[in-house]
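Since every read-out is calculated from the coordinates, none of them should be taken as a lab result. Quick caveat: nothing in here was measured; it's all calculated off a predicted structure. Here the Cβ is made from the backbone with ideal geometry for all residues, glycine too, and neighbour counts use every protein chain on show.
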Amino acid sequence: MTVHFDPYDHDTHDNPYPVYRALRDEAPLYYAEPYKVWVLSRYADCSRALRDFKTFTNGQGTAVDVAKEQMPTVLDSDPPTHTRLRHLMSGMFTPEAVQPLEQVVRDMALDLLTPHIANGQLDIIGDFAARLPMAIICKLLGFPREDEDMVRRWTDLVLQRDEATTEMPQHAVDATLKLFEYFERLMTERAGRPARDDLVGHLMASEKEGKLSHQEVLGYLYILSIAGNETTTKLIGNITYQLHRHPDQRALLLNDMAMLPAAIEETLRFDGPTQQMARTVGRDVEMHGRTLKPGDRITMLFISANRDERHYQSAELFDIRRNPRDHLAFGGGLHSCLGAALARLEAKVAMQEILRLMPDFRVDEAGLRRMHSPAVRGYTHVPVEFTPSQGVRLSA
Amino acid sequence: MPKVTYVEAGGAEHVVDVDPGLSVMEGSILNEVPGIIGLCGGICSCATCHCYIEGEWADRLSAPTEGELAMLERASERKGSSRLGCQVVVTEALDGMVVHLPAHQAIGED
């Protein structure tokens, strides 16, 4: 059998896992001709590419397609620029630093969930998970609350892809420019006023001190807006879906909610939202009998790596008792997801409240809708039904 | 520029230059010293930059935060001198520091 893999194919987005397995077994270094990219699918290869940052570089972009209208970002840069950019924020995104947000996250989660509890139905994404991470990142950044929906529409458009795309589509370019215009407007408004203690304020101060160029400030706001939004939304949807599909695992969790962090890690491993990221080869490297040359593009299929039976036992089994610590759902190494601790906190609070308020939820599978992107896999609609209640608000 | 000596569990020594402001984890990764993984990229979330800093060098460091201590619970082969490399910032005052690396970093399943 000849393996065929197209990261933009909508049927593949529905269930990429069989083709990932075929890639791992039959073509661990696969060339996706239309996109001119080598595809890595095994854990050992993805892990190596993540760690060897001199051979597999970020400076020429990390999207599979050709990005446009980009500003320099912490993601699409290499040391020493990367190190300088990452240091500005890394202390603000440790588990200890984000922990004080737990009550804010819970209050927002309850504001969003409570109106639906008496009805016995809601859309986990549209009514809840699409809004929660955006509300939190907007609060951290310092964007006005009334701008949240607008910013979220633009960040959704930045990621949305049609089939057989080899470069960033016009709607994504337009949304990118709208975001930059918005950031400029916001910073112009704030420039004359007293400094505020939020990420916009922090970045504006860093520019004033000469630590960042203006373009780097725009790039940082862009990546924080997008990364802080889309993937956590999809993670909450994917956890909900997997617990629906695996009632035995939901029963285990309801019986012992202390297993929730492990259930989140297992969902990240088994069905994490970030499917892949690309690199550019910086120096000759041998892989599977072939020499990759400087300028060659590779992409790492993180969730295929996470399901590699060469690394995990019964890798294609969803088991919340596993508690994997080395999955690649957040990437790994120098460019590992800056917001991972925040995503874990948001997912934990979201699932605590969902499982407390609607422990018997059932996903209406006919109503599931998926977003289409080679980079992010998850739903745009996850309608659920459950036994209605009064939704008592517990004080934490 | 401060020099830091990383000593692998097997005894191999690597003396490298580390820019002030970089962490002990970054000093090893950027210089391609083996023994530290740094899976989470320095947000104190994985304990795969576990190392030992002893004696006078330990005395010159600020004490680990509660977050670092909590994450060190995950480290295998933990000792009194255990630190997470991502939470120790290299300064000029640490020129000559010796960092010992464990044989294994905590990675895998529980």
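Label B:E77 and A:R84 with points 7 Å out from Cα along Cα→Cβ: what is the distance between them in nm?
3.7
Quick check on the exposure proxy: order A:H87, A:H311 from fewest to most C-beta atoms within 10 angstrom.
Fewest-to-most Cβ neighbours within 10 Å comes out as A:H87, A:H311.
Extending each Cα 7 Å along its Cβ direction at A:R356 and B:M1, get the distance between those two points in nm, one decimal.
Reported label-point gap for A:R356 and B:M1 is 5.1 nm.
Could you tell me which of rounded, prolate or oblate describes the stretch A:240-282, using a ≥ b ≥ c as the square roots of the eigenvalues of the alpha-carbon gyration tensor, with rounded for a/c under 1.5 and, failing that, prolate when a/b is larger than b/c and oblate otherwise?
The shape class here is prolate.
If I take all pairs of Cα atoms in the stretch A:10-385, what percentage of them are more than 31 Å from each other?
The share of Cα pairs beyond 31 Å in the stretch A:10-385 comes to 35 percent.
Return a single number: how many Lys pairs in the protein assembly as shown, at a sequence separation of 8 or more or on separate chains, have alpha-carbon atoms below 26 angstrom apart.
22
Which value in nm describes the separation of the simple spin-label points at A:A251 and A:E33, placed 7 Å from the Cα toward the beta carbon?
For A:A251 paired with A:E33, the spin-label model returns 5.0 nm.
Taking Cα centroids, how far is the stretch A:93-118 from the stretch A:15-45 in Å?
About 38 Å separates the Cα centre of the stretch A:93-118 from the one of the stretch A:15-45.
Quote the charge dipole size of chain A about the Cα centre in Debye, to the nearest 20; the model charges only the Cβ of Lys and Arg (+1) and of Asp and Glu (-1).
Once rounded to the nearest 20, the dipole reads 880 debye.
Quote the charge dipole size of the stretch A:334-377 about the Cα centre in Debye, to the nearest 20; the model charges only the Cβ of Lys and Arg (+1) and of Asp and Glu (-1).
140
Please find the FRET efficiency linking A:Q170 to A:R369, where r is the Cβ-Cβ separation and R0 is fixed at 25 Å, and quote it to the nearest 0.05.
0.65
Specify the inter-centroid distance of the stretch B:19-89 and the stretch A:145-209, based on alpha-carbon positions, in whole Å.
Taking the Cα centre of each part, the stretch B:19-89 and the stretch A:145-209 sit 35 Å apart.
Just checking the output field for A:87-94: average partner chain Cβ neighbours within 10 Å of each residue's Cβ?
Going residue by residue through A:87-94 and averaging, the value is 5.
Please compute the average number of Cβ atoms from other chains found within 10 Å of each residue's Cβ in peptide A:333-340.
So the per-residue partner count for this stretch is 5.
Give the calculated FRET efficiency between B:L69 and B:I107 to the nearest 0.05, with a Förster radius of 25 Å applied to their Cβ-Cβ distance.
Computed FRET efficiency for B:L69 and B:I107: 0.80.
If you average the alpha carbon positions of the stretch A:261-283 and of the stretch A:339-392, how far apart do those two centres end up, in angstrom?
19
For B:30-43, what's the mean count of beta carbons from other chains sitting within 10 Å of each residue's beta carbon?
Counting Cβ atoms of other protein chains within 10 Å of each residue's Cβ and averaging gives 6.
Taking R0 as 22 Å, what's the FRET efficiency between A:S314 and A:A44 from their Cβ-Cβ distance, rounded to 0.05?
0.75
Would you mind putting A:114-126, A:223-235 in packing order, based on average other-beta-carbon counts within 10 Å, highest first?
Most protected by this proxy first, the peptides run A:223-235, A:114-126.
Which one of A:F183, A:G272, B:H100 has its Cα pushed farthest toward the positive end of the charge dipole of the protein assembly as shown, where Lys and Arg give +1 and Asp and Glu give -1 at the Cβ?
So the residue furthest toward the plus end is A:F183.
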